[in-house]
Amino acid sequence: MQGVHSVTIKGTGVVAGIAYAQAIWVRPRPELPSAGETVPEEAREAEFERFVAAADTVATRLIDRSHHHEGSAGEVLKATAGMVKDRGWRKAARKFINSGQAAENATVAATDKFVALFESAGGLMAERTTDLKDIRDRVLAELRGEPEPGLPEIEGQAVLFADDLSPADTATLDTDLVVALVTELGGPTSHTAIIARQLNLPCIVAVGSAIREIDNDEFVLIDGAMGTIIIGADPESSQESVKESRARAAVVAKWRGPAKTQDGHRVQLLANVADGNAARLAADSQAEGIGLYRTEMSFLSATEEPGVQEQARIYRKVFDAFPESKVVIRTLDAGSDKPIAYANMAAEENPALGVRGLRIANNNEPLLARQLDAIALAADGRGDDAPTWVMAPMVATQREAKWFAGLCRERGLIAGAMIEVPAAALMADKLMPFLDFVSIGTNDLTQYTMAADRLSPQLAYLTDPWQPAVLRLIRHTCVIGHDTQTPVGVCGEAAADPLLACVLTGLGVNSLSAASTALPGVGAQLADVDLETCKQAADAALESVGAAAAREAVRELILG
Ligand code: PEP
Ligand code: MG
């Protein structure tokens, strides 16, 4: 699928599916006004009327459009129109105009005020700031007599690219033309993701600044399950992948868990989540539980450590989404690409190789102890059918595994470790006797095995979990897991790849945890193969010379 000069960029895949089309960028937002001259007092009333007229026009336009769309698309448009009419926002604009600002500046100032409020509320509210900025931009354009910002005219099929799609844009997409959505910002619960899910459009969010490498009109291959955007992919094999993906999508949509191979070998499919919202979405999916709750994601913008009670309240939101199933919660993986103000040290030369994950607790055990107290508090009252498993990120030595397990057991928690540092995989026989379970983090295990930054788009050919070197470490971990009767899961992105899931099953992995949108694809693939084929696929991948060869060998074996 990848051409010789292809570049792969990664984001968060929120809706599975493959698309190949030209990239079209959504019309940029209007320039924000610079500080203008003060509006004389006698002209301020008229200035406010100008603002109201523009806001009313935008609201009316949105409501008119809402009449042409059913279901949540119509609701989103109505909700956006409601925000344009919001009295609090208009009152704030009036105040700025009364102080002498022009309508354009007052629109920006009033919006900034509400954006700050929403951001400080965090969570879902913070994700709604895109809606506010969208309103601001529409009103600004109207005030200046410019065309409405947003979707351009689309002629052929297109993958839509944007910093963040506004709810109004995503609600009115023509799905005959738009075949996938990709955004720089946003999250799994942002409007873009919600609407993409409803329209079943492959969708990738939170790509970050690497998205700027994609030019208008450039052909891109999108894999919504893997969260990858490939520039320079081979057109013929890409078209072939799209065709296969469409046929497959029909089968996948019908798949229901629990997952097992054709001959009945069970593999537990679990969801990776970052907060209560994602956990609730997972509860509506085919996930049997949570396989990775990344706790640090809740604290990325926190400046101070939340107290034990406050942390417990946050964790409980995830536990409550799965009151009768397993939840694997991971202690803070702060550092490297996820710095947390209250946990991390000052800047480091090589943060990915620095004091991240469990290493932070070396010099700050109370921080970890308080988090474990909060987890125990949040998990209190969960029954035997809803076990709470706790794991540490970045474990590298037996001493770390033993120490962490001790802290968990003091609190009655089931203790595990992530296997994401190659040393932990190689020393699995020394670590596992102290642990109740392990979960392989293939994202970091690949990064550290291949000595390639997982964030580098140029090194995606190395940071590929199909690398036989990585698979050999996974095999070793599974062999020791089997010998010591320690459950072995995989919770990195590898678990979202249906063919690689067969390989992992063949290697002896007991559970696979991925974004909940990717699970039906994995489950449907496992249902098509027997365990013996999975073992053959594992052997073929292990004996391959590289990632591409491994992928090809397994594709040939399983898909023919
Ligand atoms: C991993 O490294 O594979 C993993 C699951 O953890 P994260 O992606 O959060 O580092
Ligand atoms: Mg990791």
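The values are calculated or read from the model by the stated rules, or taken from the named source; none is laboratory data. Worth saying up front: this structure is predicted, and the values here are computed from it rather than measured. Cβ coordinates were reconstructed from backbone atoms using ideal geometry, including for glycine residues, and neighbour counts include every protein chain displayed.
Here's the yes/no breakdown for (1) surrounded by 18 or more Cβ atoms within 10 Å (Cβ to Cβ); (2) among the hydrophobic types (A, V, I, L, M, F, W, C):
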position: A287; (1), (2): yes, yes
position: I290; (1), (2): yes, yes
position: S301; (1), (2): no, no
position: Q309; (1), (2): no, no
position: R330; (1), (2): yes, no
position: N350; (1), (2): no, no
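The single residue among D385, D444 that is among the acidic types (D, E), at pLDDT below 95, outside any strand (DSSP E or B) and more than 16 Å from ligand 2 (Cβ to nearest atom) turns out to be D385.
All conditions in (1) over 19 Å from L292 (Cα atoms); (2) assigned to a helix (DSSP H, G or I); (3) out of contact with any Asp or Glu (no Cβ under 9 Å at 6 or more places or on another chain) hold for D429, with the sole exception of (3).
Of all the criteria given as (1) among the hydroxyl-bearing types (S, T, Y); (2) more than 30 Å from W89 (Cα to Cα); (3) in a helix (DSSP H, G or I), the one not satisfied by T170 is (2).
When G481, G523 are screened for being over 13 Å from L270 (Cα atoms) and assigned to a helix (DSSP H, G or I), only G481 passes.
For A518, are the conditions met, namely being outside any strand (DSSP E or B), buried (at least 24 other Cβ atoms within 10 Å of the Cβ) and within 16 Å of ligand 1 (Cβ to nearest atom)? It is true that A518 is outside any strand (DSSP E or B), buried (at least 24 other Cβ atoms within 10 Å of the Cβ) and within 16 Å of ligand 1 (Cβ to nearest atom).
Out of curiosity, is S336 buried (at least 16 other Cβ atoms within 10 Å of the Cβ) and more than 16 Å from ligand 2 (Cβ to nearest atom)?
Here the answer is no, as S336 does not meet what is asked.
Conditions (1) among the basic types (K, R); (2) away from ligand 1 (no atom under 16 Å from the Cβ); (3) touching a Pro at 6+ places or on another chain (Cβ under 8 Å); (4) modelled with pLDDT under 95, marked per residue:
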site	(1), (2), (3), (4)
R316	yes, yes, no, no
M345	no, yes, no, yes
R359	yes, no, no, no
A423	no, no, no, no
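Exactly one residue out of P323, P339, P387 is within 16 Å of ligand 1 (Cβ to nearest atom) and farther than 28 Å from L426 by Cβ, and it is P339. Restricting the first member to the range 537-553 and to residues that are more than 13 Å from R475 (Cα to Cα), and the second to residues that are surrounded by 16 or more Cβ atoms within 10 Å (Cβ to Cβ) and of a type in the set (K, R), the beta-carbon pairs closer than 9 Å and six or more apart or on different chains are S544/R551.
Looking only at the range 253-267, how many residues end up being surrounded by fewer than 21 Cβ atoms within 10 Å (Cβ to Cβ) and in contact with a Gly (Cβ under 9 Å, 6 or more places away or on another chain)?
Going through the range 253-267 one residue at a time, the tally reaches 5.
Taking the listed residues A392, A369, the one that is within 12 Å of ligand 1 (Cβ to nearest atom) and at pLDDT 95 or above is A392, with no other qualifying.
Filtering R44, R27, R50 for residues that are closer than 30 Å to T228 by Cα and touching a residue at least 12 places away in the same chain (Cβ under 8 Å) leaves a single hit, R27.
So that you can scan it fast, the table gives a plain yes or no per residue for (1) closer than 26 Å to G82 by Cα; (2) modelled with pLDDT of 90 or more:
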{"site": "L165", "(1), (2)": "yes, no"}
{"site": "V179", "(1), (2)": "no, yes"}
{"site": "T192", "(1), (2)": "yes, no"}
{"site": "I229", "(1), (2)": "no, yes"}
{"site": "R246", "(1), (2)": "no, no"}
{"site": "R256", "(1), (2)": "no, yes"}
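For the range 453-463, the set of residues classified as in contact with a helix residue (DSSP H, G or I) (Cβ under 6 Å, 6 or more places away or on another chain) and away from ligand 2 (no atom under 14 Å from the Cβ) consists of P457, L462, listed by residue number. Restricting the range 480-502 to residues that are under 24 Å from G224 (Cα atoms) and away from ligand 1 (no atom under 16 Å from the Cβ), the residue that is modelled with the highest pLDDT is C502. Quick one: is D373 in contact (Cβ under 8 Å) with a residue 40 or more places away in the chain, away from ligand 2 (no atom under 16 Å from the Cβ), surrounded by fewer than 22 Cβ atoms within 10 Å (Cβ to Cβ) and part of a helix (DSSP H, G or I)? It is true that D373 is in contact (Cβ under 8 Å) with a residue 40 or more places away in the chain, away from ligand 2 (no atom under 16 Å from the Cβ), surrounded by fewer than 22 Cβ atoms within 10 Å (Cβ to Cβ) and part of a helix (DSSP H, G or I).
Of all residues assigned to the range 209-223, at least one qualifies as being in contact (Cβ under 8 Å) with a residue 40 or more places away in the chain and within 14 Å of the chain's Cα centre (by Cα).
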